[in-house]
Every structure is written in structure tokens, then in C-alpha cells.
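Here is the structure we will look at.
What follows is calculated from the coordinates using simple rules that are stated; it is not laboratory data. Computed from a predicted model, the values in this text were never measured in an experiment. Positions of Cβ are backbone-derived with ideal geometry, glycine not excepted, and every protein chain shown enters the neighbour counts.
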Amino acid sequence: MICWVFAAITLAAVMMATFVEDIRRAVLALWVAGLGIGAVYLTVGAETLAIVQWIVSTLVAISFVFFSVMFGEYVREVAAPKKPADPKRLAPLALGTLIGLAFVWVIWLGVREQLDVSLLMPVAGESGGSVGGNDLLALGRALADRHLLSLEVLALTLFLVLVGGGVIARPDNVPSDENSAGGRASS
Amino acid sequence: MMMLLAGVVGAMGLVCILSRRTMLGLMVGVQLLVLGATMMFVLAGIVSGARIEGHLFGLLITLGGVAQLVGGYALAIRLFYLKGRIRMSELRSLKK
């Protein structure tokens, strides 16, 4: 039953992250949604993934706050005056909602006759220990034996993103230290 | 019902992407989409009996979402460096 409580919290947080205007509250709601989904993982017996989800969600929320402060979006959206509903703004919202509902409907069509609630319960081994996705040895073996290519593609992607991010975010001309200090002072 | 929740999370991410006008709002939407996709893989793995595969792909998608976030931040920093502000309409200027 606790599973559904976490699901309800997640759903409320996701709705808030989507529809609230204030980016600060949206980021907070995104964090709560991540924690809620981690809690759902915990209740269905995916403890490893739950911990990873909590760590990633917290880091993502912190980075969102840092960057929104840096880019000025934290202040601007809070200080923005209330405007009457703009049809140009409502149109993509309505379109997105329709596409989202269609997405949910397609998923419902696919899974409505296959779900068995008992499958969502945590699985315990004969000795009471965790099995399946919580068995780190089995996870590591599966990763190394059957999904090594996926791991390597992910590693390469992260490496390219790291290097590419540094290149994209570089200054145009890298001046010497003296010029740099002078340029900053003059700007 | 749990899979429906995953679908709703992904759908709300889609709504967020389409309706928000700021860079960070867009990235919040993408993160919601990634959360929904991760949850879908994990639950699908559980109900289909391939528990480990579901967990592994959930892990890979989560880390892929982090890579997407870093790419988005890099673009935002570049735009902020060039223009002093971030407007979605000015993202195309990065191609020049």
C-alpha cells in the first residue's frame, strides 16, 4: 500500500513541476518527483536503482538551482508580473497535454491485460537475501557479459559530452593572464 | 497502474517541453521524460521476468540523462557567454 502513497506523491510533484510558473518551485518539485520515484523503486524491490535515482535527482536539482541563479532565471520568473492567459502560450500547453494523454493511452493499451500486482512486490531469495536486480554480483556479471557494448557506448557518450561541453562552453579567444585580468576589469 | 504512472511522468515531461519557454524549463521537462522512461524500463523488466535487464537499462538511461543535462548546460553557458542572456529563440545563433 505504501507503494501507492509514493506514487501519489510522485504524481503530485510531477504535475507541479510541469504546470507551476515559478522555476524555483518547478525544480523543487522535480527533486521531489525523483525522490518519489526512487521510493517507488524501493518498494518494488529495486534498492540499487533507488539509491542511484536519489543521488542523481539530488545532484540534478542542485545543479538546476546553481544554473538558474547564474542565468538569472531564478529571479526573472519570480519577479515576472501576472499576465492574463495568452492564447499563444496556451496552444502548446494544450497540444502537449493532448500528446501526453495519447502517450498514456497507448501505454495503457499495451499493459492493461498483462500486469499482475504480485509481480511488483520485492523478491527475496531462499535465505532471505536479495536476488534479481538487487544482487550486485548478478548485475555486474550481466553488465560485463551481455551488455558490455551498452556500457561502452554510455562511457563513450559521457566522455564525449565531457570534452564537448568544455569545448562548447569555452571563451572565444583565450587571452594571457594579464589581458584576461585587464579585460575583466574593463568589462 | 504503476506503468501508467510512468507513462504520466513521461507525458508530463512532454507537456513541459512543449509549453515552457526557458532553457531550464525545457531541461526540467527532459528530466521528467527521462524519469518516466527509466521507470517504464524497470517496471517492464519486473513484470516480464527480466528483472536484471530492466535495472541495467534503467541505470543506463539515468546516466544518459545526466549526459544530456551536461550538454544542455554547455549550450546554455555558451549562449550566456555570447549574448549575456538565454533566450530559446537565440539558440540557432550558435550554429554560426
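Determine, from the Cβ-Cβ distance of A:MET15 and A:ILE62 and an R0 of 22 Å, the FRET efficiency 1/(1 + (r/R0)^6), rounded to the nearest 0.05.
0.45
Would you kindly state how much longer the chain becomes between A:GLU152 and A:MET70 on full extension, computed as 0.36 nm times their sequence separation minus their alpha carbon distance, in nm to one decimal?
26.2 nm
Averaged across A:156-168, how many Cβ atoms of other chains sit within 10 Å of each residue's Cβ atom? Don't skip to the end; give the middle numbers.
Numbers: counts 0, 7, 5, 1, 2, 9, 3, 0, 4, 10, 2, 2, 10.
Shielding by partners across A:156-168 averages 4.
Once phi is turned into θ = phi - 60°, what whole-Hz ³J(HN,Hα) does the Karplus curve with 6.51, -1.76 and 1.60 give for every residue of the range A:150-155, x standing for Gly and Pro?
After applying 6.51 cos²θ - 1.76 cosθ + 1.60, I find 4, 5, 5, 4, 5, 4 Hz.
Among A:VAL40, B:VAL30, B:VAL42, which comes first, second and so on when ranked by fewest other beta-carbon atoms within 10 Å?
B:VAL30, A:VAL40, B:VAL42
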